[in-house]
Amino acid sequence: MAQTPAADSSRPARRGNNLDDVRRNNLAVVLGISHARGRVSRAELTRATGLNRSTIGALVAELVELGLVDEAEPSATKLAGRPSPVIVPREDVVAIAVNPEIDAVTIALVGLGGRVLSRIRHDTATAPSPDEVVAIVAAAVAGMRGELGASARFVGVGVAVPGLVRASDGVVILAPHLGWRDVPIAEMLAAELQLPVTAANDASAGVVAESQYGAGRGARGLVYLNGGASGIGGGIALDGQLFEGAAGYAGEFGHTFVNSAGSPCHCGASGCLETEVRRAPLLALLGLDNTRSEELEEALLAHLARPEGPDAAVAALLERQGGFLAIALRNIVNALNPELVLLGGFLGTLYAVAPERLSGAVSRSALPGAGDGVRFGRAELGNELLAVGAALLAFKPVLEDPAGVAAPAG
Ligand SMILES: [Zn+2]
């Protein structure tokens, strides 16, 4: 008899209660665990879901039939008894991840299970237009299809965009740093590649990746803030799921108000976190230009370690930016009561040079309760973050309803 899983109470009951619906939901639960953990034994699946062994066996057999997982004998073990077979997501089930930025378009192939199989960064002289992005992606994907061979199954494309993306149709309503407004990027790529395409804000894609594979694993309420070339983005994940808001725009923490005497922001307001906490002045003080931003942290740590101490201008800038970042974090902590706040990009660097100063400033100013329990940390996935996050957008329909995806021919 089919059972409903006990352990995964976070999954919303999306379907009716007939047996077929229960089975499809259980398939999604089992594939989800396999996708998140990479390798998982039948015994672990039984424990994690609360389903009995024969039900798990039938679900795994169906996922094998659907071409989504392989079942392998585990490597030899010293323990007595017959070891439980290991279920592994198939890496020839792939998603294409796309991330247009102001100076490059990055395209990655990601296997089911979240491993980045290959990644191409195509540098552009200026911010790429939507048509340029489509042409660059089409050329890259043609090459990747050749590399993978005929057996590979492309489930779809995920696009992580540094801007505001409408969740319902993947239209970029505004990406100020790319100069895009009302661009139907998902539709354009779908027409070119003949694959389903999902687009989302880059930090929203990033928070889901950190929550499933990075420093945010297991955190029930996760906020991610990233400082990059295009300002400050943010995302919220609750129980591993992206919190989108009503239409997909939630998490724009870069436009949190932090300074009543602040500079005008491109959003039309002034004193936004994004105008007060910027990477460029820090790079300039350390004698680095934009192309050397990856050296920022090393240069800053070396500067702070000088025997004569840091330059007064550098110390003042860190103090000022750290102070404004703490104000934004206080607002976030008070409003959302997250368990964990992860900082990425140059915000991770600001945190790294003085972690106690930043977390202390937030704890002292936030309300008791929300401020007491919150933890701070750095994003873990680094260069692969957006590739993994964008791929998760593309894998979502498969993960939600594995049986709804056509099995491979033959
Ligand atoms: Zn703003």
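The values are calculated or read from the model by the stated rules, or taken from the named source; none is laboratory data. The structure presented is a predicted model; accordingly, all values stated were derived computationally and were not measured. Every residue, glycine as well, gets a Cβ built from its backbone with ideal geometry; the counts of neighbours run over all protein chains shown. Protein only, heavy atoms only, side chains kept; ligands, DNA and RNA dropped before computing areas. Shrake-Rupley method; radii C 1.70, N 1.55, O 1.52, S 1.80 Å.
Tabulated data
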| item | result |
| --- | --- |
| Percentage relative contact order, the range 19-89, counting C-alpha pairs under 8 Å, at least six apart | 37 percent |
| Cα shape, the range 19-89, gyration tensor, a/c 1.5 rule | prolate |
| DSSP beta bridge pairing in the chain, given as percent antiparallel to the nearest 5 | 65 percent |
| Prolate/oblate/rounded call for the range 286-410, Cα gyration tensor, a/c under 1.5 rounded | oblate |
| Within the accessible area of the range 19-89 (1.4 Å probe), percent carbon and sulfur | 53 percent |
| Surface per residue (accessible, 1.4 Å probe) for the range 217-379, Å² | 46 Å² |
| Selection from 56, 30, 40, by position along the positive dipole direction of the range 19-89 (Cβ) | 40 |
| Whole-number percent relative contact order across the chain, with pairs defined as alpha carbons under 8 Å at least 6 apart | 17 percent |
| Reference-scaled alpha-carbon Rg (2.2 N^0.38 Å with N residues) for the chain | 1.05 |
| For the range 19-89: accessible area per residue (Å², 1.4 Å) | 51 Å² |
| Kyte-Doolittle mean at least -1.0, axial Cα span of 15 Å or more - DSSP H helices of the chain | 19-37, 53-65, 130-148, 202-213, 312-336, 355-365, 385-400 |
| Share of carbon and sulfur in the accessible heavy-atom surface of the range 185-280 [1.4 Å probe, %] | 50 percent |
